[in-house]
Amino acid sequence: GQQVMQIPQYQHVQEGEDFTTYCNSSTTLSNIQWYKQRPGGHPVFLIQLVKSGEVKKQKRLTFQFGEAKKNSSLHITATQTTDVGTYFCAGTGTASKLTFGTGTRLQVTL
Amino acid sequence: ETGVTQTPRHLVMGMTNKKSLKCEQHLGHNAMYWYKQSAKKPLELMFVYNFKEQTENNSVPSRFSPECPNSSHLFLHLHTLQPEDSALYLCASSPTGGSNQPQHFGDGTRLSIL
């Protein structure tokens, strides 16, 4: 079945440093979504990418969908303590099912 | 306030008990989902309902029994659970059941099986 892996599993940064998480699918995706889950909270939808090579920005967050539509990345510029949480990608493969990635847990310290 | 309310927030039960988890959404959506979230594992989709009809059962053991009486309510009936069923159970909704729809999650029920 479709697998969606994220790396790294965990990253610890100092406030102000940049952060990137990568999402890789075993199959071509028709779309990819990104979610953020704060500690003790629930996943919250951030954005959806649909087009090959698409790049979208939300303030300090930059989302990219790969040319082959099998990978995606989320980059945070100048992290803040409010960025703490686990970031999940979720992609739709050939079976038209949304599969969540393994997640990357981000810790930000002062 | 997420628009998706789950009760109870925490549940401790023995392996022989019967309990139910409840989910209610106030977003006017037509699709509802149950997910299981265990430590160090990806979110696992369990069931999908679209316009009250079950459209997906992701090989979930029969000790989990979903019920969707209308588009706003979703239940998960639990019976004879195992210790490995301890997890956070998340309910979500979306406008329709399409996989290109953003999903709105509730706060979850933290389930512990003794």
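The values are calculated or read from the model by the stated rules, or taken from the named source; none is laboratory data. Because the structure is a prediction, the values reported are computed rather than measured. Reconstructed Cβ throughout: ideal geometry from the backbone, glycine too, with neighbour counts over all protein chains shown. Note: accessible area is taken over every heavy atom of the protein model, side chains too, but ligands, DNA and RNA are not part of it. Shrake-Rupley method; radii C 1.70, N 1.55, O 1.52, S 1.80 Å.
Mean projected area of the convex hull spanned by the Cα atoms of chain A, taken over all viewing directions: 6.3 nm².
Kindly report the accessible area of chain A per residue (heavy atoms of protein chains, probe 1.4 Å, no ligands, DNA or RNA), in Å².
Values: 5310 Å² over 110 residues.
Per-residue accessible area for chain A comes out at 48 Å².
Would you please put A:14-23, A:101-110 in order of how densely packed they are, using the mean number of other Cβ atoms within 10 angstrom per residue and starting with the highest? Show your work: numbers first, answer last.
Numbers: A:14-23: 16.5, A:101-110: 18.2.
Result, highest mean first: A:101-110, A:14-23.
Pairing chains B and A buries close to 1400 square angstrom of accessible surface in total, based on protein heavy atoms and a 1.4 angstrom probe.
Across the alpha-carbon atoms of the range B:74-114, the computed radius of gyration and Dmax are 13.1, 38 angstrom.
Assign unit charges at the C-beta atoms only (+1 for Lys and Arg, -1 for Asp and Glu), then state the dipole size of the protein assembly as shown relative to its Cα centre in Debye, rounded to the nearest 20. Before the final figure, lay out the partial values.
Numbers: 21 positive and 15 negative charges, 16 e Å.
Rounded to the nearest 20 debye, it is 80 debye.
Annotation: amide H-H contacts under 5 Å for residue B:107 (H modelled 1.01 Å from N, sequence separation of 5 or more, or interchain): B:6. Legend: mean number of C-beta atoms from other chains within 10 angstrom of residue C-beta atoms, peptide A:55-68, equals 0. Note on the range B:1-112: antiparallel DSSP beta bridges, both residues inside, total approximately 95 percent of the bridges counted.
Across chain B, Cα-Cα pairs farther apart than 20 Å form 34% of the total.
Across all Cα atoms of the protein assembly as shown, the radius of gyration (one decimal) and Dmax (whole number) stand at 17.6, 52 Å. Here's the list of aspartates and glutamates a cross-link from residue A:51 could span, going by alpha-carbon distance under 20 Å and ignoring same-chain residues fewer than 8 apart: A:67. I need to check one value: relative contact order of chain A, counting alpha carbon pairs closer than 8 Å and at least 6 residues apart, in percent. Worked out over chain A, it gives 38 percent.
For residue A:59, the lysines whose Cα falls under 18 Å of its own Cα, not counting residues fewer than eight places away in the same chain, are A:36.
Provide a whole-number value for the mean count of partner chain Cβ atoms within 10 Å of the Cβ atoms in peptide B:33-42. Intermediate values should be presented prior to the final figure.
Details: counts 1, 0, 3, 0, 5, 0, 0, 3, 3, 11.
That average works out to 3.
Rolling a 1.4 angstrom probe over the range B:21-75 with all protein chains present gives an accessible area of which 45% lies on carbon and sulfur atoms. Counting only other chain Cβ atoms within 10 Å of each residue's Cβ, the peptide A:90-102 averages 4.
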